[in-house]
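The values are calculated or read from the model by the stated rules, or taken from the named source; none is laboratory data. Because the structure is predicted, anything quoted here is derived from the model rather than measured. Methodologically, a virtual Cβ is constructed for each residue, glycine included, from the backbone with ideal geometry; neighbour enumeration extends over all protein chains shown. Note: areas computed on protein heavy atoms with side chains; ligands, DNA, RNA excluded. Shrake-Rupley method; radii C 1.70, N 1.55, O 1.52, S 1.80 Å.
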Amino acid sequence: MFKFFSRKKKVDPQIPVYLTNTLTRSKEVFTPIQNGYVKIYSCGPTVYDFVHIGNLRSYVFSDILKRMLLLNGYEVEHTINLTDFGHLSDDGDHGEDKMMIALKRDGKKPSLEAMKPIADRYSEAFMADMEALGNATPNHYARASEYIVEEIALVKMLDEKGYTYETRDGVYFDISRFPAYGKLGNINLQALKDGARVEANPDKRHPADFAVWKKGELGWDSPWGKGFPGWHIECTAMIFATLGKQIDIHTGGIDHIATHHNGEIAQAEAATSKTPYVRYWMHHAFITIDNTKISKSLSNGIQLNHLVERGYHPLDYRYWLLTGHYSSPMNFTFEALDGARNAHFKLKRFIYEDLAGKKGGKINAAYTQRFIEFLNDDLNTPGAIALLWEIVKDKNLTPEDKRATLLSFDETLVLGLSDIHKGDIARTLGVVEIESLPDEVKELIALREAARTEKRWADADVLRQQINLLGYVVEDGANGAKVTKQ
Ligand code: AMP
Ligand code: ZN
């Protein structure tokens, strides 16, 4: 349940926080409803399948947003929902419930009982991905099916206030009763009406009217018969229940603007008469794979585990995401991920090896100022990443201060640079103990060491290439050869 904090400290950032607000289509100075305390809601995944790496952009984005606010001294309360019912295969009111699709796929008879283990399984997998990507656990993981009472109460309230009408298949929100409908993303309602599909529900008065309750054999009892809440109702009811009637920031992908989020605004503001329901709407752009939309039908939904199976660290993917601005579309290719992995690898090695033991430094104030400026400027993560490299190359900063500064920035970026990852060093860097190498490689390394001792550099080079061909990289460290797996 949400709580109102009595603030002990007033937060007044020295460097203003700017966020791009979809509602006003401009970059605005951020001020929360309550000083020092920020309420964020992020539309979560539909837990009928594993999420793909495109979905995960949503939560690295909201994590960076949250950490930027923490860096500025704000207290943050964050809810991510898990849609375990009510999200139809079409974002409007057409198509099949995605959980029903999952039941059929798994050969199960439709029942709420059968849905639960499916939702559990994919929720757990999602949470594991969240953790692997370094995303902070939200204060609330809200499951739509656990807020049925609140969802029905919200529909009832809209019904009583005259915002809805009942049809054969459900209860619909009448957008003609809410003139501001469509303000998010500046939706052209006339064009929507003109372009409405012939097969659209004939009972609907306007194609943009949306279901707040869908009648069906599967679901829960309600004053309108058995069925389930509309997808938009779920998010609003979970916001009301976990964060309150008005919140500071709502996040999601750009696909949610037109239908899902306009629906949320209409029903929330109609129900509470409080405007705005959300002060800052933030939407991230999409990830494509090899310049193609990620889609189930194309079977190109790469998952985080697929990257791990191919030898990438989940944080390599986080690093790659952060090299782009959240509002820019990004095209995923393995070449691009290799580039990110190499850069990430070099950064980790710099900290773990070159700066090993260089403790006791001071966090550099000038760099910190610039770091905050980048992040406060609508989450300019590419700028923040470039700044890390500027620090690495800075000849005037002591190794101790470099270490302290980089590690402090990592509390926000979470690239695995900090001490807690130390136990993971060898694995992260792919360092292989010489003893555990295949005999063939061991032999080549010994021959190369001998060539180097005898200053036969050309021979040493050929041997290095032979080692490469077997999948290993050999480098000469202070304590002899160091071998990593390619
Ligand atoms: P869904 O489970 O479809 O509700 O999606 C969960 C989140 O992933 C939403 O915020 C979507 O906007 C987002 N999303 C879906 N596909 C992509 C993609 N290809 N790239 C980035 N975000 C996506
Ligand atoms: Zn939502």
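Laid out as a table, the results:
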{"quantity": "Percent accessible area from carbon and sulfur atoms, the stretch 430-485, protein chains only, probe 1.4 Å", "calculated": "53"}
{"quantity": "Helical mean residue ellipticity (222 nm; -39500 (n - 2.57) per DSSP H run of 4+; nearest 500) of the chain", "calculated": "-12500 deg cm²/dmol"}
{"quantity": "Per residue, in Å², the accessible surface of the chain once ligands and nucleic acids are set aside, probe 1.4 Å", "calculated": "45"}
{"quantity": "The stretch 430-485 shape via C-alpha gyration tensor axes, a/c threshold 1.5", "calculated": "prolate"}
{"quantity": "Principal semi-axes in Å for the stretch 287-361 [√(5λ), Cα gyration tensor, largest first]", "calculated": "30, 14, 9"}
{"quantity": "Accessible surface of the stretch 292-427 [probe 1.4 Å, protein heavy atoms]: carbon and sulfur percent", "calculated": "53"}
{"quantity": "Under 16 Å from LYS402, Cα to Cα: aspartates and glutamates that are on another chain or at least 8 residues apart", "calculated": "GLU353, ASP354, GLU390, ASP394, ASP410, GLU411, ASP419"}
{"quantity": "Anisotropy class of the stretch 18-284 from Cα gyration tensor, a/c 1.5 cut", "calculated": "oblate"}
{"quantity": "In degrees, nearest ten, helix 365-376 long axis to first principal axis of the chain (Cα)", "calculated": "30"}
{"quantity": "Highest to lowest packing among 392-405, 162-175, scored as the average C-beta count within 10 Å", "calculated": "162-175, 392-405"}
{"quantity": "Long-range tail of P(r) for the chain (Cα pairs > 30 Å, %)", "calculated": "54"}
{"quantity": "Cα long-axis angle, helix 334-349 against the chain (0 to 90 degrees, to the nearest 10)", "calculated": "60"}
{"quantity": "Of all accessible heavy-atom area on the stretch 6-137, the percent that carbon and sulfur account for (1.4 Å)", "calculated": "53"}
{"quantity": "Whole-number Å³ per residue for the convex hull built on Cα positions in the stretch 194-258", "calculated": "155"}
{"quantity": "Placed amide H near ARG143: partners under 5 Å, 5+ positions off or other chain", "calculated": "LEU82"}
{"quantity": "Folded to 0 to 90 degrees: helix 53-71 orientation relative to the chain principal axis, Cα", "calculated": "80"}
{"quantity": "Exceeding the 18 Å Cα-Cα cut-off - candidates LYS156/LYS214; LYS215/LYS245; LYS104/LYS215; LYS193/LYS293; LYS442/LYS482", "calculated": "LYS215/LYS245; LYS104/LYS215; LYS193/LYS293"}
